[in-house]
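Presented below is the structure to which this report refers.
The values are calculated or read from the model by the stated rules, or taken from the named source; none is laboratory data. The shown structure was predicted, so the numbers you read here are calculated from the model rather than taken from an experiment. Cβ: placed from backbone, ideal geometry, glycine included. Neighbour counts: every protein chain shown. Ligands, DNA and RNA are stripped out before the accessible areas are found, and what is left, the full protein with its side chains, is counted by its heavy atoms. Shrake-Rupley method; radii C 1.70, N 1.55, O 1.52, S 1.80 Å.
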Amino acid sequence: MTSIDGSNCHVANVSILYTPVSGLSVTADNSSIDNVLVHSTAWFGMGRFPAVHLVGRGIKANKMTVRYFGGPGITTDYIHYLQFSLVHHGGLIGKDTAGIYTYGEQANGTVWRYNWVHSVREKCARGDDQTRNLTIHNCVFWDCGKPLTDGRPVEGVIVKGDYNTIYANTIFNTASASLSLPACMEPNKPWKKHQLPRVKQNKHTQVVNVALESEDGIVTCQKYPPPYPVGGNQTAVFKGNYTKFKLQNVQKYDFRPAPGSPLIGAGVPFHGHWTGTHNKRNNPVDIGAYQHDAAYWTPGCTHSPLCDP
């Protein structure tokens, strides 16, 4: 394990390969990580040993590639920015995990943006119990939710808690629902040192300009009688088989809407989300992680052949 302690540290242009525990652990506050590859790690398959563990406050992680890991991929705590990063082929031996993960009050202020996550045996992304104020935007999540351990299909993305914001994402080809937003009361966590007041989940969560195949609210709600309503306040959400998204070329990782796509112009301005020719607040934008007429971005590191998706 490579461990970075202290504060105001900078990690860049580094490759970390082959360890049964975490590849990188950063507890240094206000630090930055840029152009880092983490490959073949976390083979204990345990939650306490993710491939990358970002624990210090105020960390900004940019252009990371995290690939082939046994347990969780990237876990973030305490106001992090995880951006332009690529996470794939994970959860290969562990159970109940995710490609990127956070939970509880630690999620407050965290932003996951401009990322790709794919081919994870468990969830692509997970804001776990009592998540608060997590923002996920301009991410593409696909090919997740097919656990090796028991074959039980799980969600592509799940966000629990409340006051979260999910906008401008594309989610498809997941074993169960693309997006799960439980709407029942939060479970009690009596063992936690700082117990948050329990709330009805996702009552104030915003879901805007998202393209997904399906959704549900069943997770954590099994103790309540059905039906299990889906939480979140939804605006400009497109639902349907991903072939109906009409993306440019999924096999070549081009997720921009193609001409004639129903995603084009079907969104609404939100949190500064208008780009390309749709540059006025009163004009609609596209649904999904990419605008059809904007610059195309790709995530991940650039210094190694293993950085490729």
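Quick notes
- Candidates Gly70, Gly90: the one that is in contact with a Lys or Arg (Cβ under 9 Å, 6 or more places away or on another chain) and either of a type in the set (Gly, Ala, Ser) or open to solvent by 10 Å² or more (accessible area, probe 1.4 Å) (or both) is Gly90.
- Condition met for Gly272 (modelled with pLDDT under 95 and open to solvent by less than 40 Å² (accessible area, probe 1.4 Å)): no
- If you go through the range 155-191 and keep only what is under 14 Å from Asp128 (Cα atoms), open to solvent by 20 Å² or more (accessible area, probe 1.4 Å) and either of a type in the set (A, V, I, L, M, F, W, C) or out of contact with any strand residue (DSSP E or B) (no Cβ under 9 Å at 6 or more places or on another chain) (or both), you end up with Met185, Pro187, Asn188, Lys189.
- All positions within the range 119-134 that are in contact (Cβ under 8 Å) with a residue 60 or more places away in the chain and out of contact with any Ser or Thr (no Cβ under 9 Å at 6 or more places or on another chain): Gln130, Arg132
- Leu24 touching a helix residue (DSSP H, G or I) at 6+ places or on another chain (Cβ under 9 Å) and either at pLDDT 95 or above or of a type in the set (S, T, N, Q) (or both): no
- If you go through the range 98-115 and pick out every residue that is closer than 28 Å to Asn13 by Cβ and open to solvent by 10 Å² or more (accessible area, probe 1.4 Å), you end up with 5.
- Residue in the range 215-224 that is at pLDDT below 90, within 18 Å of the chain's Cα centre (by Cα), under 14 Å from Asp162 (Cα atoms) and in a loop (DSSP other than H, G, I, E, B) present: yes
- Within the range 62-98, the set of residues being in contact (Cβ under 8 Å) with a residue 60 or more places away in the chain and among the β-branched types (Val, Ile, Thr) comprises Thr65 only.
- Of the strands (runs of 3 or more DSSP E) that lie entirely inside the range 1-81, those containing 2 or more residues that are among the charged types (D, E, K, R) span 60-69.
- Screening Ala125 against (1) closer than 21 Å to Asn233 by Cβ; (2) outside any loop (DSSP other than H, G, I, E, B); (3) open to solvent by 10 Å² or more (accessible area, probe 1.4 Å) leaves a single unmet condition, (3).
- Total residues in the range 19-55, condition of a type in the set (Val, Ile, Thr), farther than 20 Å from His89 by Cα and open to solvent by 10 Å² or more (accessible area, probe 1.4 Å): 2
- Check on Lys95, among the charged types (D, E, K, R) and part of a loop (DSSP other than H, G, I, E, B): yes
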